[in-house]
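Quick notes on the structure that follows.
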Amino acid sequence: MLLHGDRAGRYEGRNGAEGGYRMTMALAVACSQPGREWTLAQFHEALVLRPTAGGSWARAVRRLQGEAYLETKLGEMLAKARRFVGASEAITCRADALVQLAEIRAAVESRPWEWAGTAGGTDLKNVLARLSRAQRAGGPEHEASVRPLAEEAGCSRSGLEDSNDRLVKRGWLVKLPRTGASGRWLIRIPPEPAPVECARPGQEAAAGARGAGTVPTAHGEVARFDSRVVAEVMREDAFHLWAHGASGARILACLDPVEGVDVAGLVRVLGLHRTTVSRRLAALVEDGLAVVADGLVYLPREFASAAGARPGAERLAEVAQARGTAGLGERRRVRHAREREMYRRWVVERELRAEQNRRPDRPSLALVPEGVVDPATGELVDERWRGWDTSDPCRPVWRGDEGQAA
């Protein structure tokens, strides 16, 4: 805002002078945050001595009122901003939210035991799809409907609903009160459970205690599970459950064109069973998505590009065609669109039936006939109604002797 001005019109006022004052006050608050407080000289230099768009109001005041008046005005505004910041909670920005999301992603990558099995693979895809949405939303709090999120995660609607229940129970998700058509969610890092002392055959015991998620390669480098690669390919038909699945996507996310890793390293970094790793790895090699040389697994060099070390969409479409899963994602999207249209029609028809079945408003039955009370004076005309409170003609109340005395 200091360099380009109020492009979004957030601080517009009734006129240009009011809008300029509000924008300058917002800059004063930003320059008074704890740990990065500006001095009055720095604030004056940025607004007046530099040709910044955010300082146009300050320079206009200097031309009209003079240098002394402007210095006093900016000093008062900066002091007011510091008092406001001192009495308020810390103001966070988008950068702080992105750091928080990066911490959540690191926790996802460092806890492979959380994503074991078919259900764990669905949970991983659910979390990664939500991280992508939270990245666009600018914070851990985001909106998500079941069917669009299932299409983004590459799984079924029922599978995603079951995954939501599991993630809420384990603490990865918090369901917030609904404010619109989509549900509101909060993604967070749950408390880390205590490491297990034993493991099933083929798996490593207490993987998290030894920093699972990274493993040394043959050249001493550290191979790491990159969840961004999984997020890019998990919606492709080649990684449908009937093809390479979520496990194949996770193995692909650990491969590098230069640094090779062996099967035992993939077992440690992913927390998967060695049989699962060997079977999925053999399928990846068969489809040309991985290369084995001297006992180490590499990513084919043609997949390394500026867009990232992963196969392109055309290659994955060929793999899906060979595996018989081509078109499953499109069929899911068409089915979800049909279900949404059916739901919309059902809501319209329900409202129409409710409107048709609604009984017409009937006038309240008046038990006190006209002429009992004089409408002008309120005096009782019919003596037979003496002792009754007729203030409400629909509900007369017997007062007895008290009413007769009145």
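The values are calculated or read from the model by the stated rules, or taken from the named source; none is laboratory data. Owing to the predicted nature of the structure, the values given are computational and were not obtained by experimental measurement. Cβ: placed from backbone, ideal geometry, glycine included. Neighbour counts: every protein chain shown. Surface accessibility is based on the protein's heavy atoms, side chains included, excluding ligands, DNA and RNA. Shrake-Rupley method; radii C 1.70, N 1.55, O 1.52, S 1.80 Å.
Among residues of segment 365-380 that are loosely packed, with under 10 Cβ neighbours inside 10 Å, those with a Cβ under 9 angstrom from a residue that is among the hydrophobic types (A, V, I, L, M, F, W, C) and in a loop (DSSP other than H, G, I, E, B), sequence gap 6+ or separate chain, pair up as LEU365/CYS394; GLY371/VAL381. Among the candidates ALA238, ALA290, the residue that is more than 29 Å from the chain's Cα centre (by Cα), in contact (Cβ under 8 Å) with a residue 24 or more places away in the chain and either closer than 25 Å to ALA326 by Cα or open to solvent by less than 10 Å² (accessible area, probe 1.4 Å) (or both) is uniquely ALA290. Here CYS254 passes the criteria (1) in a loop (DSSP other than H, G, I, E, B); (2) open to solvent by 20 Å² or more (accessible area, probe 1.4 Å) except the one numbered (2). In segment 318-354, what residues are within 19 Å of VAL291 (Cα to Cα), open to solvent by 40 Å² or more (accessible area, probe 1.4 Å) and aliphatic (A, V, I, L, M)? Within segment 318-354, ALA322 is the sole residue that qualifies. Restricting attention to segment 239-258, the residues that are touching an Asp or Glu at 6+ places or on another chain (Cβ under 8 Å) and among the aliphatic types (A, V, I, L, M) add up to 2.
Among the residues making up segment 377-395, those that are of a type outside the set (Lys, Arg) and farther than 21 Å from PRO363 by Cβ are THR377, GLY378, GLU379, LEU380, VAL381, ASP382, GLU383, TRP385, GLY387, TRP388, ASP389. For the residues ALA41, ALA26, ALA46, the requirement of being open to solvent by 60 Å² or more (accessible area, probe 1.4 Å), modelled with pLDDT of 90 or more and in a helix (DSSP H, G or I) singles out ALA41.
When each of TYR343, TYR298 is tested for being of a type in the set (Ser, Thr, Tyr) and touching a strand residue (DSSP E or B) at 6+ places or on another chain (Cβ under 8 Å), the lone residue that passes is TYR298.
Please go through segment 84-132 and give me each residue that is at pLDDT below 90 and hydroxyl-bearing (Ser, Thr, Tyr), ordered by number. Of everything in segment 84-132, those that are at pLDDT below 90 and hydroxyl-bearing (Ser, Thr, Tyr) turn out to be SER88, THR92, SER110, THR118.
Here is a list: ARG63, ARG133. Which entry is open to solvent by 40 Å² or more (accessible area, probe 1.4 Å), farther than 30 Å from ALA249 by Cα and among the charged types (D, E, K, R)? Step by step, each of ARG63, ARG133 is checked, and only ARG63 is open to solvent by 40 Å² or more (accessible area, probe 1.4 Å), farther than 30 Å from ALA249 by Cα and among the charged types (D, E, K, R).
If you check GLY202, GLY171, GLY248, GLY180 for being of a type in the set (Gly, Ala, Ser), modelled with pLDDT of 90 or more and loosely packed, with under 14 Cβ neighbours inside 10 Å, only one passes: GLY171. Scanning segment 139-168 for residues that are open to solvent by 60 Å² or more (accessible area, probe 1.4 Å) and not in a helix (DSSP H, G or I) gives GLU141, GLU143. Has segment 95-116 got at least one residue that is surrounded by 17 or more Cβ atoms within 10 Å (Cβ to Cβ), within 30 Å of LEU47 (Cβ to Cβ) and among the hydrophobic types (A, V, I, L, M, F, W, C)? Yes, some residue in segment 95-116 is surrounded by 17 or more Cβ atoms within 10 Å (Cβ to Cβ), within 30 Å of LEU47 (Cβ to Cβ) and among the hydrophobic types (A, V, I, L, M, F, W, C).
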